[in-house]
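**Student:** Handing you a structure now.
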Amino acid sequence: MTKPKPVGSERRRIKLTQLAPFFLQPLFYTPASHEEEERLAADLRDHGQRDPIVVVPIKGKPARFTILDGHRRVAAFEALGGQDIEATIRWDLADADESTVEAEFLQYNLNRRHLHQIERARIALRQFQIEKGRPRGQVRPRDEHEARNRVGKAIGMSGRNLSRYFRLLLTPVEIQNAVRDGKLALVLGERSSWLPQEQQMEIAKRITAGEDPKAVVADYIETGHSRHRKASAAFRALVKHLETAVDDLEGRTDQIYRKEIHGTLPLLAKAGELLARLRREGKKPYVDAAAVAASFKDMAPRPNDAGQTVLRQFQGAPTSGESGCGKPC
């Protein structure tokens with residue numbers, strides 16, 4: 001007679017040799033320091049185990065379990081020479097897909113651990129991705145606003161600092177952890193997110209190899225206020241500052257006095273001319289024609305007139321092809 005399959009959850013003792021760590025544990029959480037490990041081991045030795053760890057059965061491997069909650073307690077029991085540990089087995093997750101199990105893993109640790117802001121932000125973003133059915137590390141452009149707000153709510157942050165944290169989450173975890181551990185300034189971590197993906201991976205490899213994160217990042221980006229060595233770096237800096245400014249001004253343009261706007265007209269005209277030159281002269285292998293066309297859809301058809309068009313629009317004068325009443329002549 002076939003033994004019925006367990007359902008729900010079950011609490012019992014499990015041998016430590018039956019346990020395996022959750023594969024994302026090192027990615028999401030700071031390893032315990034030696035002092036923290038010693039304190040936990042002493043507490044377990046003196047007072048015993050207060051709460052059971054939580055595990056899920058490993059598919060296709062009878063009597064083997066993955067730890068969802070309790071990695072540090074398992075390590076402490078092993079250090080004390082323990083053979084087994086009290087555990088809650090989540091049989092209800094035995095046939096669940098990977099994303100469902102990952103969501104449970106994140107929730108347990110979010111509720112039970114003292115987390116760094118970066119770790120809390122990382123969890124919030126991944127929970128959002130799971131809800132949307134997105135792979136790890138992927139945020140679609142149309143999801144960015146909602147994802148950013150979710151992260152901001154999780155860490156109690158808004159404005160420029162939130163923008164920096166959110167951009168940091170788009171970098172390799174090695175860069176994120178360098179910021180978390182105080183080895184790299186948040187501003188430099190965020191600036192790394194604007195580098196090409198291959199350069200970000202090079203930075204991550206060098207940090208993993210033991211190089212100083214600050215020195216490594218400085219090899220790829222300008223850390224001062226001098227002229228960028230590469231035009232591509234200058235362009236990325238322009239895009240970064242525009243994104244921050246647009247986000248900062250969104251919904252508040254009616255609070256800016258015309259006198260302030262008037263003083264910036266020469267700069268805005270110059271910016272319009274620069275964008276027109278980028279449209280004409282940008283190297284084809286590095287320019288997405290569709291994206292560029294979309295960016296310039298509101299500009300005048302003659303690139304040389306782009307700066308003057310911006311100037312006329314801000315001064316309230318009709319642009320080429322328009323009458324004073326705002327419609328074609």
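**Student:** What distance in nm separates the two pseudo spin-label positions at Arg13 and Ile256, each 7 Å out from Cα along the beta-carbon direction?
**Tutor:** 7.0
**Student:** Can you give me the long-range amide H partners of Leu24? Hydrogens built in the peptide plane at 1.01 Å from N, cutoff under 5 Å, separation of 5 or more residues or another chain.
**Tutor:** Here nothing satisfies the definition.
**Student:** Tell me the Kirkwood hydrodynamic radius of region 147-272 in angstroms, computed as one over the mean inverse distance between distinct C-alpha pairs.
**Tutor:** On the way: mean 1/r = 0.0613 Å⁻¹.
Taking the inverse mean of 1/r over all distinct Cα pairs, region 147-272 comes out at 16.3 Å.
**Student:** Could you list Trp91, Trp194 so that the one with the fewest beta carbons within 10 Å of its beta carbon is first and the one with the most is last?
**Tutor:** Values: Trp91 15, Trp194 19.
Ranked by crowding around the Cβ, least crowded first: Trp91, Trp194.
**Student:** Taking Lys61 as the anchor, which aspartates and glutamates have their alpha carbon closer than 14 Å to its alpha carbon, excluding any fewer than eight residues away along the same chain?
**Tutor:** Those aspartates and glutamates meeting the cut-off are Asp95.
**Student:** Counting other Cβ atoms within 10 Å, keep those with at most 13, restrict to DSSP loop, and tell me which trypsin sites (Lys or Arg not before Pro) in region 1-95 are left. Walk me through the numbers before you get to the answer.
**Tutor:** Working: sites: Arg11, Arg12, Arg13, Lys15, Arg39, Arg45, Arg50, Lys59, Arg64, Arg72, Arg73, Arg90; in loops: Arg50, Lys59, Arg64.
Hits after loop and neighbour filter: Arg50, Lys59.
**Student:** Can I ask one more? Residue farthest toward the positive end of the dipole of region 32-187, with Cβ of Lys/Arg at +1 and Asp/Glu at -1: which of Thr88, Gln107, Val54?
**Tutor:** Towards the positive end, the residue furthest out is Gln107.
**Student:** With the Cα gyration tensor of region 79-233 giving a ≥ b ≥ c as the square roots of its eigenvalues, does the rule (a/c under 1.5 for rounded; else a/b larger than b/c for prolate; else oblate) give rounded, prolate or oblate? Numbers along the way, then the final one.
**Tutor:** Working: a/c = 2.24, a/b = 1.62, b/c = 1.38.
It is prolate, given that a/c is not under 1.5 and a/b is the larger ratio.
**Student:** Work the Kirkwood hydrodynamic radius out for region 7-113: mean of 1/r over every pair of different alpha-carbon atoms, inverted, in Å.
**Tutor:** On the way: mean 1/r = 0.0701 Å⁻¹.
Kirkwood radius, region 7-113: 14.3 Å.
**Student:** Please work out how much length the chain gains when fully extended from Ser99 to Asp248, using 0.36 nm per residue of separation minus the C-alpha to C-alpha distance, in nm with one decimal.
**Tutor:** Values: separation 149, 0.36 × 149 = 53.64 nm, distance 3.43 nm.
Value of the extension gain: 50.2 nm.
**Student:** Within the set Lys59/Lys214; Lys59/Lys205; Lys153/Lys240; Lys153/Lys214; Lys214/Lys240; Lys205/Lys230, which residue pairs have Cα atoms separated by over 31 Å? Kindly include the intermediate steps, with their values, before the conclusion.
**Tutor:** Working: Lys59/Lys214 43 Å; Lys59/Lys205 33 Å; Lys153/Lys240 23 Å; Lys153/Lys214 29 Å; Lys214/Lys240 20 Å; Lys205/Lys230 23 Å.
Over 31 Å apart, Cα to Cα: Lys59/Lys214; Lys59/Lys205.
**Student:** Could you tell me which of rounded, prolate or oblate describes region 35-92, using a ≥ b ≥ c as the square roots of the eigenvalues of the alpha-carbon gyration tensor, with rounded for a/c under 1.5 and, failing that, prolate when a/b is larger than b/c and oblate otherwise? Could you put the intermediate results ahead of the total?
**Tutor:** Details: a/c = 2.48, a/b = 2.21, b/c = 1.12.
It comes out prolate by the Cα gyration axes.
**Student:** Fewest to most neighbouring Cβ within 10 Å: what's the order for Leu44, Leu267?
**Tutor:** Least to most surrounded, the residues fall as Leu267, Leu44.
**Student:** Next question, about the same structure. Give the order of Met157, Met201 when sorted by the count of other beta carbons within 10 angstrom, beginning with the fewest.
**Tutor:** Placing the least packed residue first, the sequence is Met201, Met157.
Bear in mind that the values in this text are calculations on the coordinates, not laboratory data. Not measured: the values here are computed from a predicted model. Neighbour counts are summed over all protein chains in view; Cβ atoms, including those assigned to glycine, are modelled from backbone coordinates with ideal geometry.
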